[in-house]
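What follows is a set of notes on a single structure, which appears directly below.
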Amino acid sequence: MVDVIGRKLRELRRANRMTLKQVAKKAGCTESYISQLENGNANPSIATLKKIAAVFNVQIIDFFIDHEEEAPVVVRKNERIDIEFKDGGKTHIQSMVKNTKNKRMVAFYTTIDPGGGSSGLYSHIGEEFGLILSGEMELTIEDKTYHLEEGDSFYFSSARPHGFSNKGKKTTVVAWVVSPPTF
């Protein structure tokens, strides 16, 4: 997965005629780290990848999908697009939408193992809705943290800094919807 992120990052950087240094400065990280990402030697957190996506005015999902592919009506569970992050493989996100071009929302099947999470707060335009299908999760919105359990749901403005974590002992599964597709 890190190879996919690296390849897309390099494509975006070159298409925008930017240097590693320029991308790093705008994303708030080091030139060395951007190089490591491009070469598949690092895996960013959700918060970091969101900052890098903002540099290019794209969404996180753009690092993982091909917008040329026509969006199917049905996406089977084995056809979901895998999105993995820096937390040691403890957060596994699958896009349940194959192509977000011209869509008003995107839905994710998110699995968070104990100790997993967003590794920081991030924000973007839009709104988010989620339903805890199993397990428990802590959702932080700005400076307030909510403890959610199976059957609980959440809804908030994505413009508010937010993050999530699983501090429990069991894997958490969340159906998560973002509108518009800004993740």
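The values are calculated or read from the model by the stated rules, or taken from the named source; none is laboratory data. In this text the structure is predicted, and so the values were computed from the model without any measurement. We place every Cβ from the backbone using ideal geometry, glycine too, and count neighbours over all the protein chains shown.
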Please specify each residue of segment 74-92 satisfying the condition of being at pLDDT 85 or above, in contact with a strand residue (DSSP E or B) (Cβ under 6 Å, 6 or more places away or on another chain) and buried (at least 18 other Cβ atoms within 10 Å of the Cβ). Thr91, His92
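Considering only segment 141-183, state which residues are among the hydroxyl-bearing types (Ser, Thr, Tyr) and assigned to a strand (DSSP E or B). It would help to see each step written out before you state the result.
The initial filter retains those residues of segment 141-183 that are among the hydroxyl-bearing types (Ser, Thr, Tyr), namely 145-146, 153, 155, 157-158, 165, 171-172, 179, 182.
Hits for segment 141-183 are Thr145, Tyr146, Ser153, Tyr155, Ser157, Ser165, Thr172, Ser179.
Within segment 135-143, identify whether any single residue is surrounded by 15 or more Cβ atoms within 10 Å (Cβ to Cβ), touching a residue at least 40 places away in the same chain (Cβ under 8 Å) and out of contact with any Cys (no Cβ under 6 Å at 6 or more places or on another chain), and answer yes or no. Can you show your working first?
We begin by selecting, within segment 135-143, every residue surrounded by 15 or more Cβ atoms within 10 Å (Cβ to Cβ); these are 135-141.
Imposing the further condition that a residue be touching a residue at least 40 places away in the same chain (Cβ under 8 Å) reduces the set to none.
No: segment 135-143 contains no residue that is surrounded by 15 or more Cβ atoms within 10 Å (Cβ to Cβ), touching a residue at least 40 places away in the same chain (Cβ under 8 Å) and out of contact with any Cys (no Cβ under 6 Å at 6 or more places or on another chain).
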